[in-house]
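Worksheet for the structure shown next.
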Amino acid sequence: MTVLVAGATGMLGSKIVSALLDKGNLDVRAMVRSINDTNPEKRKKIDAMKAKGATIVEGDVMKPETLLPLCAGVDVVVSAIGNNEVTVPGQKNLIDAAKQQGVKRFIPSDYSADYRKLDYGDNDNLDKRKEVFEYLQHSGLEYTLVLNGAFMDIITYMPLFDLEHQTFQYWGDGETPLNFTTTDDTAKYVAEAVSDPGLANTALEVAGDTLTAKQLKATYEEATGSKLTEKSLGSIAEMQAWITAKKASASSLNEYVFHQYMYAMVSGKGKLDRIGNARYPHIKPMTVKQFLSKGDS
Ligand SMILES: NC(=O)c1ccc[n+]([C@@H]2O[C@H](COP(=O)([O-])OP(=O)(O)OC[C@H]3O[C@@H](n4cnc5c(N)ncnc54)[C@H](OP(=O)(O)O)[C@@H]3O)[C@@H](O)[C@H]2O)c1
C-alpha cells in the first residue's frame, strides 16, 4: 500500500510519516514544498524521513499541477496541512487530484474535536474542516476522519491554565468531559486508520485521556505537586457572549479562536462520543497524568 502524506514537514505530519514507516509494510511518500529546503529544522526532518525510508516528493497544494503526478499509484492520501489560508483551497485541490488518480481513501487534516457536531460560526478554524469534509463527501472518495480532541502536548497553554498566576480557570460547571491525545499517539492512530477496512466513510475517534476540567486541575496538582487557585469564569452562555464581543472588535483571529476551541470542549458540543482506542489495543496512549509527570509541558 502506498500512502502520500501532505504537510510532511509539519509538527504532526512528520510524526505521521514516522508512524507510517514504523508499520513496516507501507510505501510512504512524504510531500514537501522544497526537497532542497535549507531551513535547518525542515532540513533535519526531511533528511530523517528519507533516512527512515520515505520517498520525498515535491508538491504544493496551491499548485494543482504538482499534485496529479504525486497521487498516481497512491492508495491513501493523508493530509496534515496546517491551519491557514491554504487549508480549504489546498485540500480541495488535493481531493480533486486524489479523485482523478483513483486514490482509495482520503484522510483530511482534522485531528481535532468532533467539528461535525459544531455549527458554522462556533469556531472559525473548525469551520474550514467542515467545509473540506463537505467537499470530500461530495467528491465520492472514501474518507476516514481522525478525531483526537485537543493535543495533550499543549494542554497547559490552553486558556484553562494561567500558570503565571498559578490559577486554573474554567467556564460552566467544570464537569464536562474533555478529550486529550498526544501528537505522537495521534500519529500512531493515523497509521492504523490508513489501512483499517472498518473505517471507510467514518471517523476514528480516539483519546489518550478524558477528564473534566475539575479532574484536570486535580491531575495537574498531583502530577506536578503545585497547587492552583480555582477560578470560575462564568457560564457557557457568558463565554459565548465574550467570544461574540471579542470577535466583533478583534483585528486577528488569534484574539478569540483559542476560546472558540475551549467553547467546543467545555460546552460538550465537540466531545468525542465513540472513542475507538480499543480497536488497536497495542497502542497504549499517554494519559494526562503521565504527560504532566514528564515535566516538560
Ligand atoms: N487538536 C489540536 O489541539 C491541534 C493543535 C494543533 C494543530 N492541530 C491540527 O493538526 C493539523 C496539523 O497541524 P500542524 O501544527 O502539524 O501544522 P504545521 O506544523 O503548521 O505544518 C503544516 C504543514 O503544511 C505544509 N504546507 C503549508 N502550506 C502548504 C502548501 N501550500 N503546499 C504543501 N504543503 C503546505 C507545511 O509545509 P512547510 O513546512 O513547507 O511550510 C507543513 O508541512 C492541522 O489540521 C491543525 O489544525 C490540532
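Near Val57, the amide H atoms lying under 5 Å from its own belong to Ala30, Met31, Val32; only residues 5 or more places off or on other chains count, and H is placed 1.01 Å from N.
So what's the back-of-envelope 222 nm ellipticity for the chain, counting only DSSP H runs of four-plus at -39500 (n - 2.57) apiece and dividing by all residues, rounded to 500? After summing the helix terms and dividing by residue count, I get -12000 deg cm²/dmol.
List every residue whose amide H lies under 5 Å from the amide H of Val146, counting only residues 5 or more places away in sequence or on a different chain, with H placed 1.01 Å from N in the peptide plane. Amide H neighbours of Val146, under 5 Å, 5+ apart: Asp110, Tyr111, Leu204. Computed about its Cα centre, the charge dipole of segment 1-112 is approximately 220 debye, with only Lys, Arg, Asp and Glu carrying charge at their Cβ. Relative to the longest principal axis of the Cα atoms of the chain, the long axis of helix 213-224 lies at roughly 90 degrees. Taking the chain as a Gaussian network, where each spring joins two C-alpha atoms under 10 Å apart, which residue of Ala191, Ala248, Ala264 fluctuates the most? Looking only at Ala191, Ala248, Ala264, the biggest GNM fluctuation is shown by Ala248.
By the count of neighbouring beta-carbon atoms within 10 Å, fewest first, Leu67, Leu4 end up ordered Leu67, Leu4. Of all DSSP beta bridges confined to the chain, the antiparallel ones make up roughly 15%. The alpha-carbon positions of the chain define a convex hull whose volume is 138 Å³ per residue.
Angle check, please: helix 236-249 long axis (alpha carbons) against the longest principal axis of the chain (alpha carbons), in degrees 0 to 90, nearest 10. Its long axis makes an angle of about 60 degrees. Applying a threshold of 28 Å to the alpha-carbon distances of Lys214/Lys284; Lys23/Lys294; Lys44/Lys294; Lys52/Lys128 flags Lys52/Lys128 as lying beyond it.
Among Leu136, Ala187, Ser252, whose Cα lies farthest out toward the positive end of the dipole of the chain, if unit charges sit on the beta carbon of Lys, Arg (+1) and Asp, Glu (-1)? The Cα lying farthest towards the positive end belongs to Ala187. Restricting segment 263-297 to trypsin sites (Lys or Arg not before Pro) that sit in a DSSP loop and have at most 12 other Cβ atoms within 10 Å of their own Cβ leaves Arg274, Lys294. The distance from the alpha carbon centre of segment 34-111 to that of segment 158-178 is 36 Å, rounded to a whole number.
Every number in this text was worked out from the coordinates using simple rules, so none of it is lab data. Because the structure is predicted, anything quoted here is derived from the model rather than measured. Here Cβ is always computed from backbone atoms with ideal geometry, including for glycine, and neighbour counts include all displayed protein chains.
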